[in-house]
1. Of the listed pairs K44/K104; K30/K148; K44/K68; K44/K106, which have alpha-carbon separations greater than 22 Å here?
2. In whole Hz, with x marking every Gly and Pro, tabulate ³J(HN,Hα) for segment 88-103 from phi via Karplus 6.51 cos²θ - 1.76 cosθ + 1.60, θ = phi - 60°.
3. List the residues whose amide H sits under 5 Å from the amide H of A83, counting only those 5 or more places along or on another chain, with H placed 1.01 Å from N in the peptide plane.
4. Hey, for a label at R143 modelled as a point 7 Å past Cα toward Cβ, could you say which residues of segment 48-87 have their backbone N under 13 Å away?
5. Going by how many other Cβ atoms sit within 10 Å of their own, how do M64, M124 line up, fewest first?
6. Under the definition of Cα pairs under 8 Å and six or more residues apart, what whole-number percent is the relative contact order of segment 30-154?
7. Suppose we take every Cα in segment 30-154 and form the convex hull; what volume per residue is that in Å³?
8. Quick one: what are the phi-derived ³J(HN,Hα) couplings along segment 48-59, Karplus 6.51/-1.76/1.60 with θ = phi - 60°, whole Hz, x for glycine and proline?
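Read the figures in this text as sums done on the coordinates, not as results from a lab. It should be emphasised that the depicted structure is a prediction, and the values quoted were computed from it without experimental measurement. With ideal geometry, Cβ positions are generated from the backbone for all residues, glycine too; neighbour counts draw on all protein chains shown.
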Amino acid sequence: MNGSTTRRGALFCLAGAALLPAAPALAGEKALVHRSPTCGCCGKWAEQLRAAGYDVSIVPESDMPAVKQRLGVPAELGSCHTAEIGGYAVEGHVPVAAIARLLKEKPQATGIAVPGMPSGSPGMETGGEADEYEVILFGPKGRQGYGKFRGSAPL
């Protein structure tokens, strides 16, 4: 093997890499997921975070209301699991796209939530028609819509 073959190979690899889709900008971001030990959908949601490149740890919790209170999640925005990602509380079946937006924009907020357990939301896929639902941004400045989704797709 000579030097020009090695250089040519390296240039070919670099050119090919430029054509590949970009890796998620937040790959490796830590996500600490608090969940009830008896809940199954929480693990499905966490797997979607892992697939998107997040470094996910799951902590079984016997007192989820205390976790939500500690993280500042209003009771009326509650769902079955609560995550800590990038200094924010992420409550319920929030799509990865909404989390990525939150971490990119870094608004002054406590976190985002998908109240309840909408059918078809991430981790709640049943094969039937997905509900339309809204992600809510919440914090000291109040609450506001942060995106509408059907399944994992933004509307």
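1. Cα-Cα > 22 Å for K44/K104; K30/K148; K44/K106; rest within.
2. After applying 6.51 cos²θ - 1.76 cosθ + 1.60, I find 10, 8, 10, 9, x, 8, 6, x, 4, 4, 6, 5, 4, 4, 4, 6 Hz.
3. Those lying under 5 Å, H to H, from A83 are H34, V90, E91, G92.
4. 73-79
5. M64, M124
6. 22 percent
7. With only Cα atoms used, segment 30-154 gives 92 Å³ per residue.
8. 5, 5, 4, 4, 8, x, 6, 8, 9, 10, 10, 10
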